[in-house]
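The values are calculated or read from the model by the stated rules, or taken from the named source; none is laboratory data. The model shown is predicted, which means the values in this text are computed figures rather than measured ones. Here the Cβ is made from the backbone with ideal geometry for all residues, glycine too, and neighbour counts use every protein chain on show.
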Amino acid sequence: MRNSPSTNARLISFLGSMNLAISLLVVVAIASVIGTVLQQNQPYTSYQIKFGPFWFDLFKSLELFDVYSALWFLAILAFLVVSITTCVGRNTPGIIRELRHFRENVQEKSLRAMKHQAALNSAQGVNATQALATRILHAQGFKTRQKTTEDHTVVAGMKGGANHWGYWLTHLGMIVIFLGGLMDSRLPIMIAEWQGNLKPETRNIPASDVPAISQLSDSSFSYRGSVDIPEGNRANIIFQPVRDGYLVQHLPFEVEVKEFRVEHYSTGQPKSFESDLVIHDKTLDAPLETTISVNHPLVHKGVAIYQANFGDGGSELKLRLNSLDNRYASQDLDGKVFRDYTLTSSDQQYKLEINDFRLFNINDMENETGKIDKKNVGPSVTFKLRDATGQALEYQNYMNPLSIKGQNYYISGVRATPNEPFRYLHIPVDPQGGMERFMRFLSNVKNAELVKQSALQTTRNSMQQTTVTDPAVENQIVESMQRLTQQFVTKGSEGIMEEIAAKFPQDKQQSAAEAFMKVLNAALREVYKETLKQEGVTTEPTEKDWLFFDDSLLAMDKLPAYGSPWMIHMSSFKQIEASGLQITRSPGKDVVYFGSLMLTVGVFLLFYVAHRRIWVWIKPLDNNQAEIVVAGSSNRNQPEFERYFQQLQDLFQQVMQQEVKHVNPPTNH
């Protein structure tokens, strides 16, 4: 009874099996596709916005946001390396034996049973036939060995042993690639985290305030991170994203951005950008100056500096805070991007957080024919306004008025969370090109005494056209106008409709709404006329003036949901750009390149080089003649080998009939 395999034998058989290696390679390929399609190492908030809470939590649990550093991915790579190494180690002895053994002990019966074989008669003797067979095989590039016995002689030829080198290079190339990948992985960071020696920072704080436990020295074996450096500034750190935080990686030198340049298409889209860099390295006699651009990095001391993107570097902005509430004063502010400013009022405090400035904004705009075109609408500023409770709204305000269906408006977008689209406030532009008329009109609408006087004037003008002279009726109408105006500026038209829904049955709500709006419109028209008088307009309002009035009411209707006591307008700016650099140290890159070369050469040898064997069995006959059996085999491309063997057979038939001084090899097809 045969003994069952030992545990070690079964383990080696499992690790070296082709099925296991293919299964692991499939998983690695799928993970690589995910890592390519799904942008890696982005802030968690961007993933939450893009995928929603359910898919975000699922992808996060699977570590798909950093696939190549995921524990399961590294484990698969390590297991795959072990599997391939086991496979190579198990098969190498057999391959070596295959390359060393010419199989000159083959039997005649075995040769005659081969698919590619031919029996011939030679006019030469055994020795001459053996010499001719050897010369033919040598001419064909075969290495040969002979074996002579009492009743036969065997000439065994072999070539194409490089095919087996293809096996080694292919498998070892994959091992080298995986080891190179592990060299550039975050395995050291993961180990340091497990040991408690490293902890990613999650707070948005200056790099100088990041604690030592969240910093990496400049002697780190490998790293990949990014940094934005404004023009005229320098940095010796980068930020490595780690899950929902980051690590500060120190560099062995300082990088200064001397100048940043960007070219744009006529539409405003960026065309190309480049940076003039100065490398300050204590080991250099003088600073190293160079220019980098996209796909043209600088490599210094094994550290590659790529031009990745660009952004704002702290532009200086002049802001005008136009009051939307009489409790808050208008004011001017000189601000810088990435700075925070405290805004105070009589009863509340706000924090203004300026987040970004953009010189170009390419938006979809309707042209004169009604079609949608891409258009540069000019500079914009993005900021957050945070109240005392910590709640914040995000705003995007455009500097220049935008033309929409022939009318010009100042545009301000607002949203509560990044995953929401902006809701836009359209403030009409007055004849002087500003928003002063709207602000004056809004202030007048919120002036209770002025509204009362306007309502009284409107009521008296209306009552003069009727027989009603009751003062009580007059007071009731005036109070209604005041109340509706107050409700409109505090809650908008929705607030008025809510009151109507609460006080009137459903079948009366439509007529009540029409009546309320007529009363409100009459009061507001009188306030608007007073606003024009304050500007010095003594004539009757024109059609354009009343169109401005209608646009102003639409804007006032949205103010209750706007959430800011100021309309912040950027009046001028001084742009300061920052060069976005990606800086990497990847010692495993060259290892991966070398492994890829090994893999390429190995695949070529496997597919284009065949391991071939030819045997010539020579048996002596009477009259100093010999019978020969020519047989051959190949490990690949059997149709091509069949044609080759037929040509070789024809050559043997030709030369065995006469003495041949020189043998020309047949042409391969």
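For segment 308-318, the candidate set comprises residues that are hydrophobic (A, V, I, L, M, F, W, C) and touching a Phe, Trp or Tyr at 6+ places or on another chain (Cβ under 9 Å); within that set, the residue that is farthest from Arg224 (Cα to Cα) is Leu317.
Phe422 satisfies every condition listed in (1) more than 18 Å from Phe573 (Cα to Cα); (2) in contact with a Ser or Thr (Cβ under 6 Å, 6 or more places away or on another chain) except (2). Counting the residues of segment 14-47 that are modelled with pLDDT of 85 or more, under 26 Å from Pro421 (Cβ atoms) and in a helix (DSSP H, G or I) gives 2. Within segment 301-330, the set of residues being outside any loop (DSSP other than H, G, I, E, B) and either at pLDDT below 90 or under 30 Å from Lys282 (Cα atoms) (or both) comprises Val303, Ala304, Ile305, Tyr306, Gln307, Ala308, Asn309, Phe310, Gly311, Asp312. Listed by position, the strands (runs of 3 or more DSSP E) inside segment 388-435 whose residues that are modelled with pLDDT of 90 or more number at least 3 are 392-398, 407-415, 423-428.
Determine, yes or no, whether Thr86 is in the same structural domain as Ala29 (by TED's automatic domain parsing), closer than 23 Å to Lys159 by Cβ and outside any loop (DSSP other than H, G, I, E, B). No; evaluated as a whole, the condition is false for this residue. Any residue at all in segment 260-278 that's buried (at least 18 other Cβ atoms within 10 Å of the Cβ), outside the structural domain of Gln42 (by TED's automatic domain parsing), β-branched (Val, Ile, Thr) and out of contact with any Cys (no Cβ under 8 Å at 6 or more places or on another chain)? No; the residues of segment 260-278 include none that is buried (at least 18 other Cβ atoms within 10 Å of the Cβ), outside the structural domain of Gln42 (by TED's automatic domain parsing), β-branched (Val, Ile, Thr) and out of contact with any Cys (no Cβ under 8 Å at 6 or more places or on another chain). Check segment 272-289 and report whether any residue there is among the charged types (D, E, K, R), more than 23 Å from Ser217 (Cα to Cα), in a strand (DSSP E or B) and touching a residue at least 24 places away in the same chain (Cβ under 8 Å). So far as segment 272-289 goes, yes, one or more of its residues are among the charged types (D, E, K, R), more than 23 Å from Ser217 (Cα to Cα), in a strand (DSSP E or B) and touching a residue at least 24 places away in the same chain (Cβ under 8 Å). Tell me, please, whether a residue that is modelled with pLDDT under 80, more than 53 Å from the chain's Cα centre (by Cα) and either assigned by TED's automatic domain parsing to the domain that holds Ser403 or aliphatic (A, V, I, L, M) (or both) can be found in segment 517-529. The answer is yes, given that some residue of segment 517-529 is modelled with pLDDT under 80, more than 53 Å from the chain's Cα centre (by Cα) and either assigned by TED's automatic domain parsing to the domain that holds Ser403 or aliphatic (A, V, I, L, M) (or both).
If you go through segment 199-209 one residue at a time, do you hit one that is in the same structural domain as Glu256 (by TED's automatic domain parsing), in contact (Cβ under 8 Å) with a residue 12 or more places away in the chain, surrounded by fewer than 18 Cβ atoms within 10 Å (Cβ to Cβ) and in a strand (DSSP E or B)? Taking every residue of segment 199-209 in turn, none turns out to be in the same structural domain as Glu256 (by TED's automatic domain parsing), in contact (Cβ under 8 Å) with a residue 12 or more places away in the chain, surrounded by fewer than 18 Cβ atoms within 10 Å (Cβ to Cβ) and in a strand (DSSP E or B).
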